[in-house]
1. Taking K101 as the residue in question, decide whether it is free of Cβ contacts under 8 Å to residues at least 24 places away in the same chain and outside any helix (DSSP H, G or I).
2. Report, by residue number, each residue of the stretch 98-134 that is among the aliphatic types (A, V, I, L, M) and either open to solvent by less than 100 Å² (accessible area, probe 1.4 Å) or in contact with a strand residue (DSSP E or B) (Cβ under 7 Å, 6 or more places away or on another chain) (or both).
3. Report the residue count in the stretch 39-79 for those that are aliphatic (A, V, I, L, M), within 15 Å of P130 (Cα to Cα) and crowded, with 20+ Cβ neighbours inside 10 Å.
4. Go over the candidates N72, N62, N38 one by one and state the one that is among the polar types (S, T, N, Q) and within 13 Å of L15 (Cβ to Cβ).
5. When you look at I36, is it touching a Leu at 6+ places or on another chain (Cβ under 9 Å), of a type outside the set (D, E, K, R) and either at pLDDT 95 or above or crowded, with 17+ Cβ neighbours inside 10 Å (or both), yes or no?
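The values are calculated or read from the model by the stated rules, or taken from the named source; none is laboratory data. Quick caveat, the model's predicted, so the values are computed rather than measured. Note: ideal-geometry Cβ built from the backbone for every residue, glycine included; neighbour counts use all protein chains shown. We work out accessible area using only protein heavy atoms, side chains counted, and drop any ligands, DNA or RNA first. Shrake-Rupley method; radii C 1.70, N 1.55, O 1.52, S 1.80 Å.
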Amino acid sequence: MNSLQAFSLEGKNALITGASYGIGFNIAKAFHAAGISNIIFNDINQELVDRGLAAYKEAGINAHGYVCDVTNEAQVQQMVQKAHQEVGQIDILVNNAGIIKRIPMHEMKREEFQQVIDIDLVGPFIMLKPCCPR
């Protein structure tokens, strides 16, 4: 038996930020294969959350999607609290949400660079705080 066959996440809940599609969705599929009970994910707007929920349903994965901006501390706290109430304890957090600006650095505005920093660096810090066991 290889190590992946022995690996089980049965009964655990995972929160994967920005997992309506792409890398986050594929991480969710791998977690599902390892026995995760529930996938919790967020995205920046309802359209993306609905798209994600449809994709999870099609893949046979039990998922709970929430609209939440990872750079907004109040929204993050509200989402995590709602997930705790509706799904249960968050056992695994994957800070997957991120952006890239395909702009040459010398053309990038400070506001554009700040947005990248806020989502890619500050967002994971904001997400960790309410998810840490106490």
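1. So K101 passes the test.
2. Correct list: I99, I103, M108, V116, I117, I119, V122, I126, M127, L128.
3. 4
4. Result of the check over N72, N62, N38: N38.
5. yes
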